[in-house]
Amino acid sequence: MWFVTSCYGKAYAAYLAVFLASVRQSHPDGRVLVIHDEIPERIVRAMARENPNARFVHKGDVKLAKDNTRRIAAKLDFWMAAFDLIDADTIVFIDADTIVRASLKSALLPGSDALVTARAGRFPLNTGVVIVRNSDRGKALVADWKARTEELCLSADRIAESTKLSGGPDQATMLELIGDPRPVPGMYCGDFAIQVARCEDYNQTDCVPLSAPAKVFHFKGGVWRKILMMDRGYTAERSEEASRDAGRRGSPDGHAPGSLQVPHDQAQGASDAAASRAVRERLNRARMGPVRAGRQRVISASTRVR
Ligand SMILES: [Mn+2]
């Protein structure tokens with residue numbers, strides 16, 4: 001199983017480091033393809049040393065379609081490129097601001113081309129975790145998704161509308177592919193067999209303790225970055241109280257310096273806030289340099305928070 005993620009900007013390297021550690025722990029045989037940009041070379045080297053299972057590819061080294069003028073669809077462009085770079089039955093396309101806690105090996109059911117996650121909130125889908133079978137059909141699905149998204153992005157009105165209704169153009173076009181504006185868990189068989197799973201199971205986007213049963217926690221780095229790295233206030237959805245309560249439940253220390261462990265393992269039951277803080281401290285200790293309140297430009301839609 002291969003994981004494919006992208007990370008742009010030094011500020012997000014902290015999340016990437018945690019994500020990589022979580023993959024190492026949850027998938028001892030798992031491999032990771034990281035497409036990166038604007039991360040200092042020494043940080044990439046440090047992460048490569050820690051993660052021999054990961055392959056780091058600079059964004060500039062990925063061959064992209066020449067007509068890739070619309071940044072919003074760039075994520076899907078990379079995904080298409082990834083099919084040619086790796087060799088695996090299953091590919092997990094995943095945001096770097098996630099923590100993988102449990103094996104995803106049996107996630108994709110027989111006969112399904114892809115798994116996407118849905119929830120009951122304002123936006124019916126979150127594409128932070130998409131599992132695709134590395135098959136002709138899986139590849140065709142991503143190609144179709146990319147084509148639809150690029151077409152949508154030709155119109156500023158449609159971009160605005162899809163962002164308002166679905167949280168982003170790629171989420172709107174995935175809903176088209178599924179053929180249901182409010183998908184529920186189950187298998188949707190149109191042009192492709194798309195398995196809709198619950199966000200609570202495979203892409204937990206809510207602020208919940210890490211003791212929750214999700215296999216993947218998607219803690220939404222953009223929101224936490226302001227709180228943890230830029231010292232902005234907590235929000236109603238990410239409350240200090242929840243973080244403090246969680247912090248009392250576990251000890252965030254007790255690991256060997258120099259090794260990157262998964263913070264949730266150190267602080268079992270800790271909230272994602274505590275986990276993020278632990279990561280920041282670990283990164284500083286690992287001399288990757290302090291993660292400072294940044295002027296780093298987020299240059300890709302794929303790292304933007306929905
Ligand atoms: Mn994300």
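The values are calculated or read from the model by the stated rules, or taken from the named source; none is laboratory data. Predicted model only: the values in this text are computed from it and were never measured. Counting neighbours? That spans all protein chains shown, and the Cβs are built from the backbone with ideal geometry, glycine included.
Some observations on this one:
- Checking each residue in segment 25-46 for being assigned to a helix (DSSP H, G or I) and in contact (Cβ under 8 Å) with a residue 40 or more places away in the chain picks out Q25, S26, R42, I43, A46.
- Every condition in (1) buried (at least 22 other Cβ atoms within 10 Å of the Cβ); (2) farther than 19 Å from T205 by Cβ is met by F93 except one, and the failing one is (2).
- Taking (1) within 19 Å of the chain's Cα centre (by Cα); (2) buried (at least 17 other Cβ atoms within 10 Å of the Cβ) in turn, I178 satisfies each apart from (1).
- Just so you know, in segment 72-118 the residues that are farther than 15 Å from V32 by Cβ and within 14 Å of the ligand (Cβ to nearest atom) include one that is modelled with the lowest pLDDT, and it is K75.
- The residues in segment 188-244 that are buried (at least 17 other Cβ atoms within 10 Å of the Cβ), polar (S, T, N, Q) and more than 14 Å from the ligand (Cβ to nearest atom) can be counted, and the count is 2.
- Residue check: A73 meets all listed conditions (1) outside any helix (DSSP H, G or I); (2) closer than 24 Å to D180 by Cβ but one, namely (1).
- Residue in segment 85-108 that is touching a Lys or Arg at 6+ places or on another chain (Cβ under 9 Å) and of a type in the set (F, W, Y) present: yes
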